[in-house]
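J.: Take this structure first; my questions come after.
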Amino acid sequence: MTARFTAVVVIHEAFGLNDNIKQISDRFADAGYAALAVDLFTDRNRAICMARYMAGMLMGSVNRYGIDDLKSALTFLAKLPEVDVQRMGAIGFCMGGGFALRNPNAVSSCGCGQSFKTAGDSGTAKACAH
């Protein structure tokens, strides 16, 4: 049996899917992960998206705007025969970290998420829901 890859969904910051996030995804792939960077702003107005994200966060909504896109990314990865569906997670940066931490069951098969703060701040946080 061929070994399957651990998968990671890379969730961008407020700047969207830029070269930095693409490079981070490439680094995960180079390290042996099946990495997929999502674009939560595709064909949408970034300012309106940000307002919806913040409103959902302030209201404490678990199913806030953007979660369906992340679930679709996991579904896509799970359908790939090369991916181990028991080992899928998410990593987010700044705004994306909020998605990874506040919704671990929505963005991973193991209920785990990882968040990194912005450049210049070395802090990290983890969340796991069991």
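The values are calculated or read from the model by the stated rules, or taken from the named source; none is laboratory data. A quick note: this is a predicted structure, and the numbers were derived from the prediction, not measured. Every residue, glycine as well, gets a Cβ built from its backbone with ideal geometry; the counts of neighbours run over all protein chains shown.
J.: How many residues does the range 28-61 hold that are surrounded by 11 or more Cβ atoms within 10 Å (Cβ to Cβ) and more than 17 Å from Met88 (Cα to Cα)?
T.: Count: 16.
J.: Any idea which residue in the range 47-70 is modelled with the highest pLDDT, counting only those that are part of a helix (DSSP H, G or I) and touching a helix residue (DSSP H, G or I) at 6+ places or on another chain (Cβ under 6 Å)?
T.: Filtering the range 47-70 for residues that are part of a helix (DSSP H, G or I) and touching a helix residue (DSSP H, G or I) at 6+ places or on another chain (Cβ under 6 Å), the one modelled with the highest pLDDT comes out as Leu70.
J.: Tell me, please, whether a residue that is under 13 Å from Val10 (Cβ atoms) and either modelled with pLDDT of 85 or more or in contact with a His (Cβ under 8 Å, 6 or more places away or on another chain) (or both) can be found in the range 80-88.
T.: yes
J.: Just to be sure I understand, how many residues within the range 7-27 are in contact (Cβ under 8 Å) with a residue 24 or more places away in the chain, assigned to a helix (DSSP H, G or I) and surrounded by 20 or more Cβ atoms within 10 Å (Cβ to Cβ)?
T.: 1
J.: Still on this structure, please answer the following. Given the criterion of a type in the set (Asp, Glu) and modelled with pLDDT under 85, identify the matching residue among Asp26, Asp43, Asp19.
T.: Asp43 is the lone residue from the list that is of a type in the set (Asp, Glu) and modelled with pLDDT under 85.
J.: In the range 16-57, what count of residues is obtained for those that are acidic (Asp, Glu) and on the phi > 0 side of the Ramachandran plot?
T.: Within the range 16-57, residues that are acidic (Asp, Glu) and on the phi > 0 side of the Ramachandran plot number 1.
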